[in-house]
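As C-alpha cells, the structure follows; a few thoughts come after it.
The values are calculated or read from the model by the stated rules, or taken from the named source; none is laboratory data. This structure is a prediction, so every number in the text was calculated from the model and none was measured. Ideal geometry is used to build each Cβ from the backbone, glycine not excepted, and the neighbour counts take in all protein chains shown.
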C-alpha cells in the first residue's frame, strides 16, 4: 500500500512537470512572436522591443522555462500583463476559492441525486422508470451547459423572477446572503455530470445484478434488501468512485462555459479572459492550476479506491 | 503495402452491405432509429441549406428583434437577420466542423492507438503514458488555450477539436487493438512473415472498426458540443458566420426581450447532439449483438 501510494504520488508529480512543460511550450514556444501576440499586429518595432526587454523574451526558451518554473515552485506566478501591476498568484487563489465553492456545491447536489437515480434505474432494469431515467440522462449529456444555463435563466430569472441571473458573488458581503446566486450556476454545472454518473452507476448495478454471487445470494434465500445492500451496492458503487473523479476533471473544465454564462468570477473565466486579452502569465498559471488540481483529484480517488478495494489493498491487483 | 490497402478497402466494402442490415435491426431500438432519422434530416438540411434559406443568413434588415411569425418563422436578431435562415445555414458550419474534427481525431487516434498496441514495450508504454497525460487536460480547456495562441477561425477550430479527440480515441483504439492482437490469426500472420504494416492495417484495423464506429459517433456528438461551446465563448468561428454557438452567445444579452434568439439555435444543437448520442447507443447495441 505504501509502495503503491508513493509510486502514484511520484507519477502525479512527474505528470504535472510534463504538463507545465507542455503549457509553457504552447504558450511561448510555438512559432510566432509573443510580444506581437500581446501588443497586436499594429505595434511599432520600438514598443515590441521594449516589451521583449521587459519580459525577458530575448533569452533562450529553456532559460525562460526554468525561470518560470522556479518562480512557480516558490509560489511566484509573475505579474499580469493586462491588469497592470496585479500579481497573478493572489488573483488565482481568490478565483480558485470561488471555483471550489461552485464545484463543491455541484458535487453535493450531483453525487446523491445521480447515485439514487442510477441505482433505481439499475435495480428496475428495462422498466418504464429505467427507460425514463436513461432517456433523461442522455438528454442531460446532450445539452451543453450554456444552453442548460440560459434555459434556467429564462425560466427562473426572466419569467419567474425567483433567482438572480448573475452569479457574480462578492466575498466581502458575506457568502450566506448570496447563496441564491449559486443555485442556477450549480444546477447548470450539474446537468452533464449527473447524466454521466447516472449512466455509469446504472451500468455497474446491472452488471453486478447479473453476476453469479448475486444470483446465488438470491437463490440461497437471502432477503432481497440484504442482497441489495451487501452485494449489489457494495460492488457496484466501487467503480463509480472513479467515474466521479473523472467527472471532477470535467467540472473544472466544463466550468468555463457555466462561469461565462453566469459571469461567475472563477478560475475558468479568469483563463478565458486572459486568453482573449493575451495575458500569458495568467493563462499559464490558470491552466497549470486546473491540470494540477485534476491530477491530484485523480490521485486522491485512486488511493481512496485502493484503500476501499481489498484486492488492491493487499497488493493482489495493480 | 498495396495489398494491405486492397484488403482494407475490400473489408470496408463488405461493411457497407452490413449497413442495410444495421438499419433494419436498428428499428428494434426506436430511440436509436429516431436518432438516425434526425441525423439524416440534418445532413439533408446542411447539404441543401443554400436552397432552403428564405433570406441571406448574413443579410441585415430593418426588421430588428421581430418575434417569430409568418415572415420570419424563428424571428430576427438585433441586426434584423432571419434566425430561421441562420439556423439552417448554421447546420452546414456545424457539420463541416464536426465531421472534419472527428475525421482528424479518428485518423490520428487510430494511428497512435494501433502503433501503441502493436509495439508493446517501450514505444507502446511511452505512447500510452503520453495519451494519459494529454487526457489530464480537460478537452475544452486545451481547445481554448491552443485557439488563444493560434487565433480563432474555422480551420483552427477543426484542428484543435481534432487534437482534443486524439488521445481519447487513441486509448480506445489501443485497448481494442490489444484484444485483437492477442488472437491467433495475428500470430499466424506473423508466422507467415507478413509485414508489420500489413498486420496492423489489414488484420487488426478491420476488426476494431465497430469500436471505432461507436467512438466516432460519440466524438461527432462531442465535436458539435465543443464547437458550439467555443462559439459561445467567442473563440470559435467568428462573426458573421452563421454558427449556433455564436448565435446563442449573441443572444445572451437579449434574453429578456428576444428569447427566440436563444431557443431555436439551442434546439438545433440539442437535437443534433442527442441524435448522435442515441445513434451511438444503437451502434453499440448492434456491435455487441444486443439487437
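Evaluated against (1) modelled with pLDDT of 85 or more; (2) closer than 30 Å to residue B:180 by Cα, residue B:227 falls short on exactly one condition, (2).
Table: residues versus (1) over 19 Å from residue A:145 (Cα atoms); (2) within 14 Å of chain A (Cβ to nearest Cβ).
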{"residue": "B:181", "(1), (2)": "yes, no"}
{"residue": "B:222", "(1), (2)": "no, yes"}
{"residue": "B:259", "(1), (2)": "no, yes"}
{"residue": "B:262", "(1), (2)": "no, yes"}
{"residue": "B:266", "(1), (2)": "no, yes"}
{"residue": "B:272", "(1), (2)": "no, yes"}
{"residue": "B:284", "(1), (2)": "yes, yes"}
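Candidates in region A:263-279 are the residues that are buried (at least 21 other Cβ atoms within 10 Å of the Cβ) and more than 9 Å from chain B (Cβ to nearest Cβ); of these, the one that is farthest from residue B:226 (Cα to Cα) is A:279. Please tell me if residue A:122 is assigned to a helix (DSSP H, G or I) and touching a helix residue (DSSP H, G or I) at 6+ places or on another chain (Cβ under 6 Å). Yes. Would you mind stating whether residue B:147 is surrounded by fewer than 23 Cβ atoms within 10 Å (Cβ to Cβ), under 19 Å from the mean Cα position of the chain (by Cα) and under 30 Å from residue A:270 (Cα atoms)? When the stated conditions are applied, residue B:147 passes them.
The rows are residues; the columns are (1) within 30 Å of residue A:227 (Cα to Cα); (2) crowded, with 18+ Cβ neighbours inside 10 Å.
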site: A:58; (1), (2): no, no
site: A:69; (1), (2): no, no
site: A:88; (1), (2): no, yes
site: A:92; (1), (2): no, yes
site: A:104; (1), (2): no, no
site: A:107; (1), (2): yes, yes
site: A:122; (1), (2): yes, yes
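Restricting attention to region A:146-166, the residues that are crowded, with 23+ Cβ neighbours inside 10 Å and at the interface with chain B (Cβ under 8 Å from one of its Cβ atoms) total 4. The set of residues from region B:227-248 being facing chain A (nearest Cβ under 10 Å) and surrounded by fewer than 24 Cβ atoms within 10 Å (Cβ to Cβ) comprises just one member, B:234.
Between a residue in region B:1-24 that is under 24 Å from residue B:290 (Cα atoms) and any residue that is modelled with pLDDT of 75 or more and part of a helix (DSSP H, G or I), which pairs come within a Cβ distance under 6 Å, given they are 6 or more apart or on different chains? Going by the 6 Å Cβ cut-off, the qualifying pairs are B:11/B:206; B:22/B:286. Is one or more of the residues making up region A:280-302 outside any helix (DSSP H, G or I), modelled with pLDDT under 85 and either over 19 Å from the mean Cα position of the chain (by Cα) or over 20 Å from residue A:103 (Cβ atoms) (or both)? For region A:280-302, residues outside any helix (DSSP H, G or I), modelled with pLDDT under 85 and either over 19 Å from the mean Cα position of the chain (by Cα) or over 20 Å from residue A:103 (Cβ atoms) (or both): absent. Residues in region A:125-145 that are in contact (Cβ under 8 Å) with a residue 24 or more places away in the chain, part of a loop (DSSP other than H, G, I, E, B) and more than 22 Å from residue B:225 (Cα to Cα): 1 in all.
Residue pairs whose Cβ atoms lie under 7 Å apart, sitting 6 or more positions apart in sequence or on different chains, and linking a residue in region B:264-291 that is modelled with pLDDT under 80 to a partner that is surrounded by 17 or more Cβ atoms within 10 Å (Cβ to Cβ) and in a loop (DSSP other than H, G, I, E, B), are B:291/B:29. Does any residue of region B:82-92 turn out to be closer than 30 Å to residue B:143 by Cβ, at pLDDT 85 or above, out of contact with any strand residue (DSSP E or B) (no Cβ under 7 Å at 6 or more places or on another chain) and surrounded by fewer than 22 Cβ atoms within 10 Å (Cβ to Cβ)? There is at least one residue in region B:82-92 that is closer than 30 Å to residue B:143 by Cβ, at pLDDT 85 or above, out of contact with any strand residue (DSSP E or B) (no Cβ under 7 Å at 6 or more places or on another chain) and surrounded by fewer than 22 Cβ atoms within 10 Å (Cβ to Cβ). Counting only helices (runs of 4 or more DSSP H) wholly contained in region A:17-107, the ones carrying 2 or more residues that are out of contact with any helix residue (DSSP H, G or I) (no Cβ under 8 Å at 6 or more places or on another chain) occupy A:45-55, A:61-73.
Within region A:55-65, is there a residue that is under 22 Å from residue B:134 (Cα atoms) and under 27 Å from the mean Cα position of the chain (by Cα)? Yes; the residues of region A:55-65 include at least one that is under 22 Å from residue B:134 (Cα atoms) and under 27 Å from the mean Cα position of the chain (by Cα). Against the definition (buried (at least 23 other Cβ atoms within 10 Å of the Cβ) and modelled with pLDDT under 85), how does residue B:261 come out, yes or no? Here the answer is yes, as residue B:261 does meet what is asked.
With respect to being over 14 Å from the mean Cα position of the chain (by Cα), at pLDDT 85 or above, within 9 Å of another protein chain (Cβ to nearest Cβ) and farther than 20 Å from residue A:200 by Cβ, residue A:260 fits the description. The set of residues in region B:181-201 that are outside any helix (DSSP H, G or I) and surrounded by 12 or more Cβ atoms within 10 Å (Cβ to Cβ) comprises B:183, B:194, B:195.
Residue-level check: of (1) within 14 Å of another protein chain (Cβ to nearest Cβ); (2) more than 23 Å from residue B:156 (Cβ to Cβ); (3) under 24 Å from the mean Cα position of the chain (by Cα), residue B:131 misses just (2). Within region A:1-23, being buried (at least 16 other Cβ atoms within 10 Å of the Cβ) and over 22 Å from the mean Cα position of the chain (by Cα) holds for one residue alone: A:4.
For residue B:103, the test of being surrounded by fewer than 19 Cβ atoms within 10 Å (Cβ to Cβ) and either within 14 Å of chain A (Cβ to nearest Cβ) or touching a strand residue (DSSP E or B) at 6+ places or on another chain (Cβ under 8 Å) (or both) is failed. Filter region B:142-157 for residues that are without any contact (Cβ under 8 Å) to a residue 40 or more places away in the chain and either within 7 Å of chain A (Cβ to nearest Cβ) or part of a helix (DSSP H, G or I) (or both) and give the result. Across region B:142-157, the qualifying residues are B:142, B:145, B:146, B:149, B:150, B:155, B:156. When the residues of region A:303-318 are filtered to those that are assigned to a helix (DSSP H, G or I), touching a helix residue (DSSP H, G or I) at 6+ places or on another chain (Cβ under 8 Å) and modelled with pLDDT under 70, the one that is surrounded by the fewest Cβ atoms within 10 Å (Cβ to Cβ) is A:313.
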